[in-house]
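S.K.: Pasting a structure here, questions to come.
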Amino acid sequence: MPPRFQTNWNYVTQMVHAGERLIAEPGHATTTPLYTSTTYFHDTLADFNAALGGVGYAYGRNGNPTNVALEVATCAAESAYGALTTASGMAAIYAALLAANMTLPAPTTHILAPRDMYGASTVLLRDFFAPYGITIITCDMTNLSEVAQCFAQYRPGIVYAEQLSNPIFRVIDVAAIAELSHRHSAKLVVDNTIATPVLQRPLLLGADFVAHSATKYFSGHGDATGGVVAVREQASMAALRHINATLGMVLGPFEALQILRGMKTMPLRVERQCANSLAVATWLEQHPAVARVIYPGLPSHPDHALALRTLPAYGAMLSFELHHPERIETFADALELVLMASTLGDIYTLISIPALASHRGLSPQERALRGISDGLIRMSVGIEAQDDIRTDLDQALNRTLR
């Protein structure tokens with residue numbers, strides 16, 4: 001019988017406690033168990049007090065063994081001091097920005113952000129930081145002179161950046177931006193969702209916080225929503241824990257287990273997806289129905305030289321526009337293998353229309369400023385055979401030429 005179980009207890013009491021708190025001995029599980037418990041009991045008051053202080057487990061909002069396993073895996077992936085799981089990628093970005101502000105000597109009055117960032121991140125800064133006295137400054141993060149000018153003029157305390165921006169996939173020099181940030185005593189937060197740690201680990205280049213939508217390449221199978229933040233300093237980790245415990249940005253343990261399982265194959269998946277993307281992008285650039293292809297692996301991309309110098313591959317996403325953008329619906333509806341979906345990073349090849357999905361919350365003028373036309377098509381390339389992806393795209397593209 002397990003500890004704290006007595007056979008002389010009433011039948012009802014036995015039914016309450018029977019089967020609980022068993023320990024698998026001898027032997028150890030080869031994979032992380034799913035811990036669904038919200039509450040953890042302790043044999044002594046001293047142990048209980050220690051757990052409430054952060055040494056051990058007390059309550060699910062403060063920590064869960066399954067989630068900790070994912071955090072350990074994230075530390076390995078990003079070469080981080082510590083990591084925190086959150087309920088979504090947006091929660092991860094929000095937590096990282098809040099923690100960055102908390103670890104500054106004084107709260108910042110300005111945040112510097114890229115002009116061409118993910119739509120929901122734009123809305124986050126606009127609706128949840130700007131109304132509370134923080135000015136949001138945007139610039140071309142690929143132009144280091146412009147970044148330096150913003151530091152000189154505005155003195156931002158936080159710099160927020162995306163490596164491989166969504167959906168035009170600009171490549172930034174993280175090491176150079178980190179050097180500028182630290183020279184001006186600012187914290188650098190990098191959204192590394194699209195690049196993934198397989199292609200770049202920003203903490204090793206000087207970033208202070210790295211955020212991921214773990215829903216994407218970490219999970220990779222479209223079956224778990226979650227986020228992670230990785231940091232390189234103890235003070236940053238303490239701030240994240242405080243934010244998570246207070247605001248309750250808690251990732252469910254089942255989702256944590258799904259994401260942890262997906263991470264096992266992330267290097268293999270991303271390697272194949274990058275190879276598929278380069279092949280598809282090169283082919284699309286020659287297709288008579290395609291007007292423009294946006295992919296860092298192509299010499300036509302403005303950041304191709306930087307990508308060639310700083311990344312081992314060019315990412316698993318691309319965007320393109322049709323010669324006849326008014327026939328975009330004809331193209332999308334004709335697809336058979338490629339799926340229309342508003343996410344990215346799955347094993348399946350997916351397309352999305354940023355104007356209708358990721359950047360729907362922006363005005364047409366704001367989208368135009370970011371180079372996002374109403375006819376822009378974003379593609380997240382999966383692990384299928386290249387020939388099958390091309391064949392499906394070809395038959396759908398040809399319909400736009402009729």
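S.K.: For the stretch 267-399, state what percent of all Cα-Cα pairs lands in each successive 5 Å bin, counting from 0 Å until the bin that includes the largest distance.
M.R.: Bin by bin from 0 Å, the calculated values are 2, 11, 20, 24, 22, 14, 6, 1.
S.K.: Can you list the HN-Hα couplings for the stretch 100-114, worked out from phi with the Karplus curve (6.51, -1.76, 1.60; θ = phi - 60°), rounded to whole Hz and with x for Gly and Pro?
M.R.: For the stretch 100-114, the Karplus-derived couplings read 4, 5, 5, 8, 7, x, 9, x, 6, 9, 9, 10, 9, 9, x Hz, x marking Gly and Pro.
S.K.: Only Lys, Arg, Asp and Glu count, each charged at its Cβ (+1, +1, -1, -1), so figure out the dipole size of the stretch 267-399 about its Cα centre, rounded to 20 debye.
M.R.: Numbers: 11 positive and 16 negative charges, 89 e Å.
So the magnitude is around 420 debye.
S.K.: Run the dipole for the stretch 45-263 about the Cα centre, Lys and Arg Cβ at +1, Asp and Glu Cβ at -1, nothing else charged, and hand back the magnitude in debye, nearest 20. Could you put the intermediate results ahead of the total?
M.R.: Numbers: 12 positive and 15 negative charges, 33 e Å.
Dipole size: approximately 160 debye.
S.K.: Between 0 and 90 degrees, rounded to the nearest ten: what's the tilt of helix 65-78 against the longest Cα principal axis of the chain?
M.R.: 40 degrees
S.K.: Quick check for me: using +1 on Lys/Arg Cβ and -1 on Asp/Glu Cβ, what's the dipole size of the chain about its Cα centre, in debye to the nearest 20? Mind dumping the intermediate values first?
M.R.: Details: 27 positive and 34 negative charges, 115 e Å.
Dipole of the chain, to the nearest 20 debye: 560 debye.
S.K.: Towards the positive end of the charge dipole of the chain, with charges on Cβ (+1 Lys, Arg; -1 Asp, Glu), say which of 313, 386, 35 has the farthest Cα.
M.R.: My answer, from the dipole projection, is 35.
S.K.: With angles folded into 0 to 90 degrees, how steeply does helix 386-399 sit against the dominant principal axis of the chain? Use alpha carbons for both and round to 10.
M.R.: 50 degrees
S.K.: Based on the Kirkwood radius over alpha-carbon pairs, what is the Stokes-Einstein translational diffusion coefficient of the stretch 159-211 at 37 °C with 0.692 mPa s viscosity, in µm²/s?
M.R.: Translational D for this selection: 304 µm²/s.
S.K.: Under the Karplus relation 6.51 cos²θ - 1.76 cosθ + 1.60, θ = phi - 60°, what is the ordered set of whole-Hz ³J(HN,Hα) values for the stretch 294-310, x standing for Gly and Pro?
M.R.: Result, ordered by residue: 10, 7, x, x, 9, x, 6, 6, x, 10, 4, 5, 5, 4, 4, 7, 10 Hz.
No lab work stands behind these numbers, since they all come straight from the coordinates. Everything numeric here is computed off the predicted structure, so don't read it as measured data. No Cβ is skipped: glycine too gets one built from the backbone with ideal geometry, and neighbour counts run over all protein chains shown.
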